[in-house]
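Structure first, commentary second.
The values are calculated or read from the model by the stated rules, or taken from the named source; none is laboratory data. Quantities reported herein were computed from a predicted structural model and do not represent experimental measurements. Here the Cβ positions follow ideal geometry from the backbone for every residue, glycine too, while neighbour counts run over all protein chains shown.
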Amino acid sequence: MGKNIAQKIIAAHKVGGEMTPGAAVALKIDQTLTQDATGTMAYLQFEAMGLERVKTERSVSYVDHNMLQAGFENADDHRYLQSVAAKYGVYFSRPGNGICHQVHLERFGVPGKTLLGSDSHTPTNGGIGMLAMGAGGLDVAVAMGGGPFHITMPKILKVHLEGKLQPWVTGKDIILEVLRRLSVKGGVGKIIEYGGPGVATLTVPERATVTNMGAELGATTSIFPSDDKTREYMKLQKREKDWVELKADPDATYDEEIIIDLNTLEPLIAMPHSPDNVVKVREVAGTKVDQVCVGSCTNSSLYDLTVTAAILKGKSVNPGLSMTVTPGSKQVFAAISASGALTDIILSGARIIESACGPCIGMGQAPSSGAVSVRSFNRNFIGRSGTKDAKVYLASPETCAACAITGVITDPRDLGAMPKVVLPTEIKIDDAGILPPAKDPAKVEIIRGPNIQPLPQQKPLGATVFGDILLKTGDNITTDHIMPAGAQILPLRSNIPAISKFVFYRMDPNFADNALAKGGGIVVGGENYGQGSSREHAALAPMYLGVKAVISKSFARIHRDNLINFGILPLTFKNPDDLDKIDANQRLVLENVIDHLKAGKDLTVKNETTGKTFEVTYNFTPRQKEILFAGGLLNYTKAGSK
């Protein structure tokens, strides 16, 4: 029986386990990436392992999140990251060099290789045929040390593309259509593999947009074939030697399949406050717009900014709104400058932001109160923009530019004929913003500012787990709910005692104080708990506050793994209706936890406040149980190295 693309890469990298959906499988990791919001903690964890050098083929540390230097904290973190990268064999992408996923796609991604990144949008590199997965920083630190990445073998869902996109319809509209059909939890436990004749009509930047935003499906990753379009892209990057063809066998099989006819797609838009709340643009046309933002790791490629410039050329941004444009990398910035596209953008009245994540993570450009903001980004969760009552819509750069001109949500087809977009056949390659590791690491001194605090340690799991219910949540709680981003909070990423004060801050401003006063406790929630960003701080900071367990109806993959990595029990209700029978501040007790986990038995939870009991279950691998017993992955890894 033939193999699909995902199966081929997994088979080539499998170092343990079975390739049966639902079984545990361990994969060799070829490349890793970190970014500065997660990187400081990942490298502190790597240092704690006591290794002298990374053991991957290529590891890269990017600075793209915490760029606003309003105080010493971010600058201190950047100095630490640069020095630790030089010492341990990691390439360092300097501030301003670009967004990690865009730069990695341009300069480092290799078809057929595995990539593990401490950012949930690492699957962007699936656009060139990498098995690129997001994970918590601790998993990435272990991979940098040569350890395998352990996952539950996903099902493979094929998205069969037919036809060709019509003018004004884009790769963004493809992934919005997939989200419309599958929802933000429809990809959990799955790899999304794109195939069919329509694939050959899509450029690498279009494919990368699709795989990037595939993270919003909750998928393990998304992947495209490596074909002539991939080769063309890598030739432009002067890396054609890294290209290999990668395609599914003719008799490859899939666990599921959906079909999308590209001919029939039209411009789509995700309405507040979820990436799967998707409608046709024309259904909400005429809605007044206060802000437009083009950029983010989803849509900041050379093509995205060139087409934005072509639409804006000779026109002015509507005086009723503000528009920002973010080049995804220094390479893109230089290319639009050389082509004149940058001038067209500037003359339109749009504001240019440096090559970084910026508004996507609430790092500047927060909309005004109650504003409608149309963005070419990937997430529109409540408060993520920095303004809690803002209404954020997600759309293609083409739709964003149309809105910027008219001042209202506009179907870009209403602008008339699509402007002709001509991309350069050759671009300048300048890697001066990427610093190689030191040739003599012994001479490198690691620089630690006062904001970089020691890594908190978790104690081994106790036989009895107990505590008050600190918070009861609903469905689709995101890591933004648990550990918000933004200019106020992100600079504290390497200072867990300080950042822990903001855990669940927007849902319950007193959560941290309450947790500390009670000596920790338990959080309960609904479906898809922990969706969104890979930020391990959403597990690490609650661990610091004493959270011992999270009981929910279901979990998002990365967050569940992060909870395990930091010794917090992620448990699910055996009867989902039991969530309705418990409330905040009630006291729960789980006894004989270790014995039950070893025996594979469900756990009984006693509600000491009401005297009633309910059952919870789990699906831990033997390795995950050992990690929990040890009090987290770092303790487990250090014990194994002795």
Original post:
Would segment 39-62 turn up any residue that is part of a helix (DSSP H, G or I), under 20 Å from the mean Cα position of the chain (by Cα) and among the small types (Gly, Ala, Ser)?
Top reply: yes
**OP:** Would you please name the residue that is surrounded by the fewest Cβ atoms within 10 Å (Cβ to Cβ), looking only at residues in segment 271-281 that are of a type in the set (Val, Ile, Thr) and assigned to a strand (DSSP E or B)?
**Re:** Val279
**OP:** Scan segment 55-82 and report the pairs whose first residue is touching a residue at least 12 places away in the same chain (Cβ under 8 Å) and under 22 Å from Thr326 (Cα atoms) and whose second residue is surrounded by fewer than 23 Cβ atoms within 10 Å (Cβ to Cβ) and basic (Lys, Arg), with Cβ atoms within less than 7 Å and a gap of 6+ or a chain change.
**Re:** Val63/Arg94
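Go through segment 1-31 residue by residue and tally those that are of a type outside the set (Lys, Arg) and under 17 Å from Asp139 (Cα atoms).
Qualifying residue count for the region: 10.
Could you check segment 195-240 and list, in sequence order, the residues that are of a type in the set (D, E, K, R) and part of a loop (DSSP other than H, G, I, E, B)? Working first, answer last.
The initial filter retains those residues of segment 195-240 that are of a type in the set (D, E, K, R), namely 206-207, 216, 227-229, 231-232, 235, 238-240.
Result: Asp227, Lys238, Arg239.
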Original post:
Take the residues of segment 510-547 that are among the charged types (D, E, K, R) and surrounded by fewer than 24 Cβ atoms within 10 Å (Cβ to Cβ): which is farthest from the chain's Cα centre (by Cα)?
Top reply: Lys518
Subject >> Number of the exception - Thr308 against (1) in a helix (DSSP H, G or I); (2) at pLDDT below 95 >> reply: (2)
Original post:
Has segment 465-480 got any residue that is closer than 27 Å to Gly362 by Cβ, of a type in the set (Asp, Glu), crowded, with 17+ Cβ neighbours inside 10 Å and outside the structural domain of Lys315 (by TED's automatic domain parsing)?
Top reply: yes
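Quickly run through segment 104-150 and pick out the residues that are small (Gly, Ala, Ser) and farther than 20 Å from Cys357 by Cα. Step through it out loud before you land on a result.
Our first condition is that a residue be small (Gly, Ala, Ser); within segment 104-150, this holds for 109, 112, 117-118, 120, 126-127, 129, 132, 134-137, 141, 143, 145-147.
Across segment 104-150, the qualifying residues are Gly112, Gly129, Ala141, Ala143, Gly145, Gly146, Gly147.
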Subject >> Pairs, first of a type in the set (Gly, Ala, Ser) in segment 139-163, second part of a strand (DSSP E or B), C-beta under 7 Å, six or more apart >> reply: Ala143/Thr32; Ala143/Leu116; Ala143/Phe149; Gly163/Asp261
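Being within 26 Å of Thr326 (Cα to Cα), among the acidic types (Asp, Glu) and touching a helix residue (DSSP H, G or I) at 6+ places or on another chain (Cβ under 6 Å): is that true of Asp290 here? Quick ask: steps written out before the conclusion?
Numbers: within 26 Å of Thr326 (Cα to Cα): yes; among the acidic types (Asp, Glu): yes; touching a helix residue (DSSP H, G or I) at 6+ places or on another chain (Cβ under 6 Å): no.
No; evaluated as a whole, the condition is false for this residue.
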Original post:
Within segment 85-125, how many residues are assigned to a helix (DSSP H, G or I) and surrounded by fewer than 24 Cβ atoms within 10 Å (Cβ to Cβ)?
Top reply: 4
Original post:
For Ala341, are the conditions met, namely being closer than 30 Å to Val110 by Cβ, over 27 Å from the mean Cα position of the chain (by Cα) and crowded, with 20+ Cβ neighbours inside 10 Å?
Top reply: yes
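So, Gln82, is that one surrounded by fewer than 24 Cβ atoms within 10 Å (Cβ to Cβ) and either touching an Asp or Glu at 6+ places or on another chain (Cβ under 8 Å) or not in a helix (DSSP H, G or I) (or both) or not? Write out each step before concluding.
Details: surrounded by fewer than 24 Cβ atoms within 10 Å (Cβ to Cβ): yes; either touching an Asp or Glu at 6+ places or on another chain (Cβ under 8 Å) or not in a helix (DSSP H, G or I) (or both): no.
Against the criterion (surrounded by fewer than 24 Cβ atoms within 10 Å (Cβ to Cβ) and either touching an Asp or Glu at 6+ places or on another chain (Cβ under 8 Å) or not in a helix (DSSP H, G or I) (or both)), Gln82 does not qualify.
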Original post:
Of Asn212, Asn263, which residue is touching a Lys or Arg at 6+ places or on another chain (Cβ under 8 Å), farther than 21 Å from Ala12 by Cα, among the polar types (S, T, N, Q) and modelled with pLDDT of 95 or more?
Top reply: Asn263
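Just a yes or no: is a residue in segment 282-289 free of Cβ contacts under 8 Å to residues at least 40 places away in the same chain and at negative phi? Spell out how you get there, then give the answer.
Going through segment 282-289, the residues free of Cβ contacts under 8 Å to residues at least 40 places away in the same chain turn out to be 283.
Right, trim to at negative phi and you get 283.
Yes, some residue in segment 282-289 is free of Cβ contacts under 8 Å to residues at least 40 places away in the same chain and at negative phi.
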**OP:** Can you work out which of the residues in segment 241-256 that are part of a loop (DSSP other than H, G, I, E, B) and among the hydrophobic types (A, V, I, L, M, F, W, C) is farthest from Met130 (Cα to Cα)?
**Re:** Ala252
**OP:** Please state which one of Leu268, Leu262 is under 30 Å from Gly2 (Cα atoms) and either surrounded by 17 or more Cβ atoms within 10 Å (Cβ to Cβ) or not polar (S, T, N, Q) (or both).
**Re:** Leu262
Original post:
Of the residues that make up segment 341-348, is at least one farther than 24 Å from Met213 by Cβ, modelled with pLDDT of 95 or more and touching a Phe, Trp or Tyr at 6+ places or on another chain (Cβ under 8 Å)?
Top reply: yes
Subject >> Leu312 in contact with a helix residue (DSSP H, G or I) (Cβ under 6 Å, 6 or more places away or on another chain), touching a residue at least 60 places away in the same chain (Cβ under 8 Å) and closer than 30 Å to Gly187 by Cα >> reply: no
Original post:
Which residues, taken from segment 442-488, are assigned to a helix (DSSP H, G or I) and among the hydrophobic types (A, V, I, L, M, F, W, C)?
Top reply: Ala442, Ile482
**OP:** Spot the failing condition for Asp227; the list is (1) surrounded by 16 or more Cβ atoms within 10 Å (Cβ to Cβ); (2) more than 26 Å from Ser329 (Cα to Cα), and only one is missed.
**Re:** (2)
Subject >> In segment 461-511, the residues that are under 30 Å from Thr604 (Cβ atoms) and free of Cβ contacts under 8 Å to residues at least 40 places away in the same chain >> reply: Phe504, Met507, Asp508
